[in-house]
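Notes follow the structure.
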Amino acid sequence: MDVGELLNYQPDRGAKRLRAGEDDDDDPRNKKAGRELARHLEGDDSEDPSGDRKRILEKLMDDDEDADDQEGEPVDESSVKKMILTFEKRSYKNQELRIKFPDTPGRFMETELDLNDIIQEMHVIATMPDLYHLLVELNAVHSLLGLLSHENTDIAIAVVDLLQELTDIDTLHESEEGAEVLIDSLLEGQVVALLVQNMERLDEQVKEEADGVYNTLATIENMAEFKPGLCTEAAQQGLMQWLLKRIKAKIPFDANKLYCSEVLAILLQNNDSTRELLGELDGIDVLLQQLSVFKRHNPATAEEQEMMENLFDALCSCLMLAANRDRFLRGEGLQLMNLMLREKKMSRTSALRVLDHGMIGPEGSDNCHKFVDILGLRTIFPLFMKTPKKMRKAGAADKEHEEHVCSIIASCLRNLKAQQRTRLLSKFTENDCEKVDRLMELHFKYLEAVQLADKRIEGEKHDMVKRGEILDDVMEDEFYLRRLDAGLFVLQLLCYIMVEISNSGISQLQQRVHQILNLRGGSVKVVRHIMREYAENIGDGKSEEFKESEQKRIMDLLENF
């Protein structure tokens, strides 16, 4: 065994979360400081080629023996305090020698190995979350954050590795109190900004540094899951910008790109601040560019498909913000989604979902008009007439497809004016009103499903009253959500379309609707009841003014139905 191999040897310091496709043998912690040391010593032979190497080789062998001795030691408060004290001393010593001998790596590399070793030993603290408060009280968190900008990236990566294990979500839930103290201290020290700065200098062509990026994202995901409120702060500390830059980087697809898409989708969940920030950073264009690849090609692997879905989720999330609808329109997002619907690839289901998000509500008016202008009605109505078999990916039922299609048509009926509205209504009169026939077919299908759900719920309510339980507002809301899930939402959309086209002034449409209702034993009363219930529950999260005007509009439509 030559010197280089010996220097690359590091004793195993315990298990860590592995990336997909990784073996335990590839654990980067086993190679890091030795790799850096070998690199420096190769360039430092001039001083004392045998002395330094010999001394450090002896030290590596001693460390291995020490590690074996320590395995049997119990971990308690005093041993953790001792470990933190050792870490502080070694960190200080390394810093001191680096300042004294900046151009002589041989003088400070031994302390760097010592520092790396103690960081590996500290992984044991991750098994004792109730002792996390010691890391904060003894200022170790501050010191660890300081090492994220250490000149030797291997030390910074070792710290990231440790943080990832300390913030493991299962560990955090073992001791909520300890976790709270640790996460608060990390956030106070601007942990996300420091992690982003560190990622910016890492070279992902080097496997260990790519692992460092992956573990950084894992740390951020862990913290966001434990404390969702930190997403806004994290995005503003440079994370959003870095994620967008990394997603659009022209490098082959890998685990890190998938993870970036996942973290981006997490940041945008239920958060208008991060959605606005993404819009300001031209993120809508980045998402559309990345998704355009899947216009004519299916993802090559399951992982790539997962990334595609994450990017679609992020885009849908962004479109909840009115300002981003305009950016989506200007970035030709409608044209891209329309092409995806026509191309019949895997992206079709998600493209439908994006269109629904982009066109819904009064904020979607411009997108609705543009959709008609780019001949979107020619694409959407065949999907309304028949749910494509190919579209049924695992877990995606007809209901999801029909819900999005009906929602898009309902949004168009609500928002379109003048010539575009006429074009839409003429679609319903085509081919002897076949679209109206399909509308009524779906109406009876979903009415039956909702009536079944209502029966079950009534039975449950009856049992609850028998048992003397109180039906409070929370229970009523839960039952309403269950009814929506059973198909009430799609039924409401279908009834809305029915009422809108009956009020269009085209007598042929109104006659056809009433004719089929009578023929199949349907009732105008039922439709009115469904629409009133819809009107009562409208405008959640909207202004009171919008809610009132929308309710009045629906009631006016019902008057003439």
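Just one of the numbered conditions (1) surrounded by 13 or more Cβ atoms within 10 Å (Cβ to Cβ); (2) farther than 17 Å from Glu402 by Cβ is not true of Met440; which one?
Going through (1) surrounded by 13 or more Cβ atoms within 10 Å (Cβ to Cβ); (2) farther than 17 Å from Glu402 by Cβ one by one, Met440 breaks only (2).
Could you list, ordered by first residue, the pairs with Cβ atoms under 9 Å in which the first is in the range 550-561 and farther than 15 Å from Ser411 by Cβ and modelled with pLDDT under 85 and the second is surrounded by 13 or more Cβ atoms within 10 Å (Cβ to Cβ) and among the hydrophobic types (A, V, I, L, M, F, W, C), at least 6 apart or interchain?
From the range 550-561, the pairs are Asn560/Val499; Phe561/Met498; Phe561/Val499; Phe561/Val513; Phe561/Val524; Phe561/Val527; Phe561/Met531.
Would you say Leu287 is assigned to a helix (DSSP H, G or I), open to solvent by less than 10 Å² (accessible area, probe 1.4 Å) and among the aliphatic types (A, V, I, L, M)?
yes
Would you pick out the residues in the range 72-101 that are assigned to a loop (DSSP other than H, G, I, E, B) and open to solvent by 80 Å² or more (accessible area, probe 1.4 Å)?
Hits for the range 72-101 are Glu73, Pro74.
So which pairs qualify, if the first residue must be in the range 390-405 and modelled with pLDDT of 70 or more, the second must be among the small types (Gly, Ala, Ser), the Cβ gap must be under 7 Å, and the two must be at least 6 apart or on different chains?
Lys399/Gly487
Within the range 238-260, is there a residue that is out of contact with any Cys (no Cβ under 6 Å at 6 or more places or on another chain), hydroxyl-bearing (Ser, Thr, Tyr) and surrounded by fewer than 21 Cβ atoms within 10 Å (Cβ to Cβ)?
No, every residue in the range 238-260 fails to be out of contact with any Cys (no Cβ under 6 Å at 6 or more places or on another chain), hydroxyl-bearing (Ser, Thr, Tyr) and surrounded by fewer than 21 Cβ atoms within 10 Å (Cβ to Cβ).
Can you say whether Arg421 is within 23 Å of Gly358 (Cα to Cα) and assigned to a helix (DSSP H, G or I), as far as the supplied structure shows?
Considered against the rule, which asks whether it is within 23 Å of Gly358 (Cα to Cα) and assigned to a helix (DSSP H, G or I), Arg421 comes out as yes.
Looking only at the range 148-202, count every residue that is within 25 Å of the chain's Cα centre (by Cα) and either assigned to a loop (DSSP other than H, G, I, E, B) or among the aromatic types (Phe, Trp, Tyr) (or both) and tell me the total.
5
Just a yes or no: is a residue in the range 305-318 open to solvent by 60 Å² or more (accessible area, probe 1.4 Å) and part of a loop (DSSP other than H, G, I, E, B)?
no
When the range 432-477 is examined, which residues are found to be among the small types (Gly, Ala, Ser) and assigned to a helix (DSSP H, G or I)?
Listed by number, the residues that qualify are Ala449, Ala453, Gly459.
Looking at the range 512-524, is at least one residue in contact with a Cys (Cβ under 9 Å, 6 or more places away or on another chain), among the basic types (Lys, Arg) and modelled with pLDDT of 90 or more?
yes
Those residues that are assigned to a helix (DSSP H, G or I) and open to solvent by less than 40 Å² (accessible area, probe 1.4 Å), I need them from the range 330-352; list them, please.
Gly333, Leu334, Leu336, Met337, Asn338, Met340, Leu341, Arg348, Thr349, Ser350, Ala351, Leu352
Within the range 319-329, which residues are open to solvent by 40 Å² or more (accessible area, probe 1.4 Å) and more than 14 Å from Lys370 (Cβ to Cβ)?
Once the filter is applied, which keeps residues that are open to solvent by 40 Å² or more (accessible area, probe 1.4 Å) and more than 14 Å from Lys370 (Cβ to Cβ), the range 319-329 yields Met320, Ala322, Ala323.
Within the group Ile157, Ile125, which residue is in contact with a Pro (Cβ under 9 Å, 6 or more places away or on another chain), farther than 19 Å from Leu230 by Cα and not polar (S, T, N, Q)?
Ile157
Taking the conditions exactly as written (in contact (Cβ under 8 Å) with a residue 40 or more places away in the chain, exposed (fewer than 15 other Cβ atoms within 10 Å of the Cβ) and in a helix (DSSP H, G or I)), does Glu276 satisfy them or not?
It is false that Glu276 is in contact (Cβ under 8 Å) with a residue 40 or more places away in the chain, exposed (fewer than 15 other Cβ atoms within 10 Å of the Cβ) and in a helix (DSSP H, G or I).
Kindly provide the set of residues from the range 501-522 that are over 19 Å from Leu425 (Cα atoms) and small (Gly, Ala, Ser), ordered by number.
Gly521, Gly522
The values are calculated or read from the model by the stated rules, or taken from the named source; none is laboratory data. Since the model is a prediction, treat every value here as computed from it, not as a measurement. Here Cβ is always computed from backbone atoms with ideal geometry, including for glycine, and neighbour counts include all displayed protein chains. Quick note on the areas: whole protein, heavy atoms, side chains included, nothing else; ligands and nucleic acids left out. Shrake-Rupley method; radii C 1.70, N 1.55, O 1.52, S 1.80 Å.
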